[in-house]
Amino acid sequence: MTHLFEPLKIREVTLRNRIGMSPMCQYWAEDGLANDWHLVHLGSRAIGGAGLVVMEDTAVSPDGRISSGDLGIWSDEHIKPLARITNFLSIHGAVPGIQLGHAGRKASCSLPWEGGKPRSEGRHLELDEGGWEIFAPSAIPFGDERPRIPKEMTIEDINSIKEAFQYGARRAYQAGFKFLMLHASHGYLFQEFYSPITNHRNDQYGGSFENRIRFLLEVVRLVRQEWPETLPLSVRLAAQDYIEGGWTLEEAIQLSQLLKNEGIDLIDNMAFGAVATGAKVPFGRAFLVADATTIKQSVEVLVAASALSDPDNGTQPEFINEQIASGNLDLVFLGRELLVNPYWPQQAAKALGQTDKISLPVQYAHWLK
Ligand SMILES: Cc1cc2nc3c(=O)[nH]c(=O)nc-3n(C[C@H](O)[C@H](O)[C@H](O)COP(=O)(O)O)c2cc1C
C-alpha cells in the first residue's frame, strides 16, 4: 500500500511526499509580477513540508487575468521574480509548480474583496471601470456577477492564445519551475471550449467532442514541445459540468486518454459547476475523488483531487492518507487547510507515525529534536 509520505516520481522529478499545495490566487500582483507576498506565501508551505507547491493560476496574456491582481507570465520581465520563488522552494525541498491559465469570459473582474460575494471571485468590471475586452469560444455571457458578453474568438485570437501558452511554458521553465499544470477547469477558457454549454461554434473548434477538445489538445502539444521531456505536465480539468446537456464524465475519460497520449502525466479533477450557473454539484467531503478514481481506472494516468477536508472535522491525516493508500488518488491537493496551517504536513507525519519521512529546516529542527 502506498503511503501519503512515500515519494512520488513523475518523469525525472521526485516529490518527497504526496501532499501538494493547491494553486490559490492571491490577487496581490501588479502588472502580473510576483513579489514578496508570493515568496512568503509559497515559501512557508515549502518549509511546512509539502512535496509540491503549485503557484496560483498565472495568466499567459494580460486579458486572461481574472483581476488586475493576478500573476502573469506574458513577458520576460516576469521571469526574474518567479525564479526567486522557485529557488527558495527548491532549497526547502518542495518541487516548484506553476499553473498556467486564461480566464476567458470570467476575466476582467474586480479584486474579490472589492465587490465580489463572500468567498467568491470578483464581479465583472466594465471597460470604463478598469476592465478589458473579454473573449470566449462563443458570445455567451456567464451571468450572475459576470454578466458581460464576451467576444467570440476568431481563429487568429485562438492562435494567439495558443502561442501565449507556448511562451508561458517556456518562461515557466526558464524561471525554474519543475511541474506545470494547465488550468482547464473553473469555467475558464479551456473549459469554455470543451463544454457544450459554453461552446456553440460551428467551425473546427465547436460541435463534436473532437472539435470542442481541439483547443486544449493543441495547446498541450505546443506546451509539451517547450516543456522538457524530463519534467511532469498535468491538467486540472472538470470531470463533469453537472448540468443537463453539459460535459460528461465519459467525455472526461476520453479526453484524459488523449491527454495522456500527448504527454500529460497527471489529471487533477476540480469539477464544481463553475462553467455556468445552475449546476447541481454533489458537494461533500472528497466529492471530487470518485470521478478522479474512475479516470485512473480507465486511463493509465496519475490522478489527484482537492476539496478533501471536512467542514466539521478539518483535514484528518488518516482520511487523507486513506485516499492514497486505497489507490483512489496518487497525489492530494490541499488548499484552504494550508492557508491556515502551513505545517499540516509536519502534523500529519506525526499523527501517522511518519516523522522519519519529513524534516524541518535545520534553523528550526536543531531546537526541536
Ligand atoms: C483563495 C483561493 C484561491 C484559489 N485559486 C485557485 C487557482 O488559482 N487555481 C485553481 O485551480 N484553483 C484555485 N482555487 C481552488 C483550490 O486550488 C482548491 O482546489 C479548492 O480550494 C478545494 O480544495 P480545499 O478544500 O483543500 O481548499 C482557489 C481556492 C482558494 C480558497
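The values are calculated or read from the model by the stated rules, or taken from the named source; none is laboratory data. Because the structure is predicted, anything quoted here is derived from the model rather than measured. Methodologically, a virtual Cβ is constructed for each residue, glycine included, from the backbone with ideal geometry; neighbour enumeration extends over all protein chains shown. All accessible areas refer to the heavy atoms of the entire protein, side chains included, with ligands and DNA or RNA removed. Shrake-Rupley method; radii C 1.70, N 1.55, O 1.52, S 1.80 Å.
Listing for the model above:
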{"quantity": "Search result, residues across region 121-131 that are out of contact with any Ser or Thr (no Cβ under 6 Å at 6 or more places or on another chain) and open to solvent by 40 Å² or more (accessible area, probe 1.4 Å)", "calculated": "Glu126, Leu127, Asp128, Glu129, Gly130"}
{"quantity": "Any hit, region 207-220, residues being buried (at least 22 other Cβ atoms within 10 Å of the Cβ), closer than 17 Å to Val303 by Cα and without any contact (Cβ under 8 Å) to a residue 60 or more places away in the chain", "calculated": "no"}
{"quantity": "Hits in region 246-261 - residues which are free of Cβ contacts under 8 Å to residues at least 24 places away in the same chain and part of a helix (DSSP H, G or I)", "calculated": "Glu250, Asn261"}
{"quantity": "Flag if Asp70 is over 17 Å from Phe190 (Cα atoms) and either surrounded by fewer than 20 Cβ atoms within 10 Å (Cβ to Cβ) or not polar (S, T, N, Q) (or both)", "calculated": "yes"}
{"quantity": "Residue satisfying condition, being modelled with pLDDT of 95 or more, farther than 19 Å from Phe165 by Cα and assigned to a helix (DSSP H, G or I), within set Gly93, Gly43, Gly49", "calculated": "Gly43"}
{"quantity": "Region 290-306, subset of a type in the set (Gly, Ala, Ser) and open to solvent by 30 Å² or more (accessible area, probe 1.4 Å), residue farthest from the ligand (Cβ to nearest atom)", "calculated": "Ser298"}
{"quantity": "Residue within region 64-75 that is away from the ligand (no atom under 12 Å from the Cβ), of a type outside the set (S, T, N, Q) and closer than 30 Å to Leu352 by Cβ present", "calculated": "no"}
{"quantity": "Gly115 vs. criteria surrounded by fewer than 22 Cβ atoms within 10 Å (Cβ to Cβ), away from the ligand (no atom under 12 Å from the Cβ) and in a loop (DSSP other than H, G, I, E, B)", "calculated": "yes"}
{"quantity": "Candidates Phe287, Phe319, Phe272, filtered to the one that is surrounded by 17 or more Cβ atoms within 10 Å (Cβ to Cβ), of a type in the set (Phe, Trp, Tyr) and within 15 Å of the ligand (Cβ to nearest atom)", "calculated": "Phe272"}
{"quantity": "Matching entry among Lys106, Lys80 (being surrounded by 21 or more Cβ atoms within 10 Å (Cβ to Cβ) and at pLDDT 95 or above)", "calculated": "Lys106"}
{"quantity": "Answer from Lys280, Lys260 - the residue that is touching a strand residue (DSSP E or B) at 6+ places or on another chain (Cβ under 9 Å), open to solvent by 10 Å² or more (accessible area, probe 1.4 Å) and not acidic (Asp, Glu)", "calculated": "Lys260"}
{"quantity": "Spans of helices (runs of 4 or more DSSP H) in region 172-245 with at least 3 residues aliphatic (A, V, I, L, M) and modelled with pLDDT of 95 or more", "calculated": "214-226"}
